[in-house]
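Peer 1: Before anything else, here's the structure in question.
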Ligand SMILES: Cc1cc2nc3c(=O)[nH]c(=O)nc-3n(C[C@H](O)[C@H](O)[C@H](O)COP(=O)(O)O)c2cc1C
């Protein structure tokens, strides 16, 4: 394994959508899966499971569904490209092209890690509020992020994808997921076609953090 510091891993963990079909060695896959198990969960219940899909037949079926979801999503996005400011359009076009590539090859990814969750195992403290509930996701996505960071450390490409959640019933049927479990995301994993991970573009702290009170400028 190529040792990479945690800050370096976080700052270069970008969506890598072009993967080589070469298999991921079992010991490497085991390490990234173990990293997922280290994540915190509410009351330590670990209400998630991951179906590690390596077989060609279910990957092909999931790939067909993903391509359907991507087409629907990207058609909408493309329709708005011409209205976008000139300075952000090229980046959006690159993302769409990489997304097209992923959609065309999703089912050929060496591994599809399908994260599932069981709401009955969770204390979802915002469930009664009159807004979308997010607390439950807090017991799933830290495990997903650990897995992504471990992939980064191993030189594996990966992307958090959620388009398959729109076809959850079919995904559950394909993978034999019990009715009381839901799906949170699917991570295609494999060695990258190009350089893989690298620089990312994010808003700075000043745009995202406040000091003591909402909208108070955060400094040092
Ligand atoms: C909740 C969530 C859902 C996402 N769903 C998808 C997806 O379905 N397909 C996809 O290609 N990327 C998906 N992404 C990846 C984002 O597009 C990506 O992280 C973001 O554009 C930043 O890209 P970068 O890390 O390469 O800078 C998702 C990311 C998150 C956090």
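The values are calculated or read from the model by the stated rules, or taken from the named source; none is laboratory data. Since this is a predicted model, take the numbers as computed values, not measurements. Every residue, glycine as well, gets a Cβ built from its backbone with ideal geometry; the counts of neighbours run over all protein chains shown.
Peer 1: In the list 163, 147, which residue meets the criterion of being surrounded by 14 or more Cβ atoms within 10 Å (Cβ to Cβ) and closer than 21 Å to residue 23 by Cβ?
Peer 2: Sole residue among the options that is surrounded by 14 or more Cβ atoms within 10 Å (Cβ to Cβ) and closer than 21 Å to residue 23 by Cβ: 147.
Peer 1: Within the stretch 85-99, can one find any residue that is in contact with a strand residue (DSSP E or B) (Cβ under 9 Å, 6 or more places away or on another chain) and free of Cβ contacts under 8 Å to residues at least 60 places away in the same chain? Give the derivation first.
Peer 2: Residues of the stretch 85-99 that are in contact with a strand residue (DSSP E or B) (Cβ under 9 Å, 6 or more places away or on another chain), as a first pass: none.
No, every residue in the stretch 85-99 fails to be in contact with a strand residue (DSSP E or B) (Cβ under 9 Å, 6 or more places away or on another chain) and free of Cβ contacts under 8 Å to residues at least 60 places away in the same chain.
Peer 1: Checking the conditions here, which among 78, 89, 152 is in contact with a helix residue (DSSP H, G or I) (Cβ under 9 Å, 6 or more places away or on another chain) and at pLDDT 95 or above? Even if it seems obvious, please write down each step before you answer.
Peer 2: Values: 78 fails: at pLDDT 95 or above; 89 fails: at pLDDT 95 or above.
The match here is 152.
Peer 1: Just to be sure, is residue 66 more than 18 Å from residue 190 (Cα to Cα), assigned to a helix (DSSP H, G or I), in contact (Cβ under 8 Å) with a residue 40 or more places away in the chain and within 10 Å of the ligand (Cβ to nearest atom)?
Peer 2: When the stated conditions are applied, residue 66 does not pass them.
Peer 1: Exactly one condition in (1) away from the ligand (no atom under 16 Å from the Cβ); (2) surrounded by 12 or more Cβ atoms within 10 Å (Cβ to Cβ) is false for residue 87; which is it?
Peer 2: Only one criterion in (1) away from the ligand (no atom under 16 Å from the Cβ); (2) surrounded by 12 or more Cβ atoms within 10 Å (Cβ to Cβ) is unmet by residue 87, namely (2).
Peer 1: I want to confirm something. Restricting to the stretch 1-48 and keeping residues that are within 16 Å of the ligand (Cβ to nearest atom), in contact with a helix residue (DSSP H, G or I) (Cβ under 8 Å, 6 or more places away or on another chain) and assigned to a helix (DSSP H, G or I), which single residue is farthest from residue 196 (Cα to Cα)?
Peer 2: 36
Peer 1: Right, something else. Among the residues of the stretch 191-213, is any within 21 Å of residue 33 (Cα to Cα), surrounded by 10 or more Cβ atoms within 10 Å (Cβ to Cβ) and more than 14 Å from the ligand (Cβ to nearest atom)?
Peer 2: Scanning the stretch 191-213 turns up at least one residue that is within 21 Å of residue 33 (Cα to Cα), surrounded by 10 or more Cβ atoms within 10 Å (Cβ to Cβ) and more than 14 Å from the ligand (Cβ to nearest atom).
Peer 1: Still on this model: Determine whether residue 137 is away from the ligand (no atom under 13 Å from the Cβ) and surrounded by fewer than 21 Cβ atoms within 10 Å (Cβ to Cβ).
Peer 2: No: the conditions fail for residue 137.
Peer 1: Let me ask you something else. Go through (1) part of a helix (DSSP H, G or I); (2) within 16 Å of the ligand (Cβ to nearest atom) one by one and return the number of the condition residue 61 breaks.
Peer 2: All conditions pass for residue 61, except number (2).
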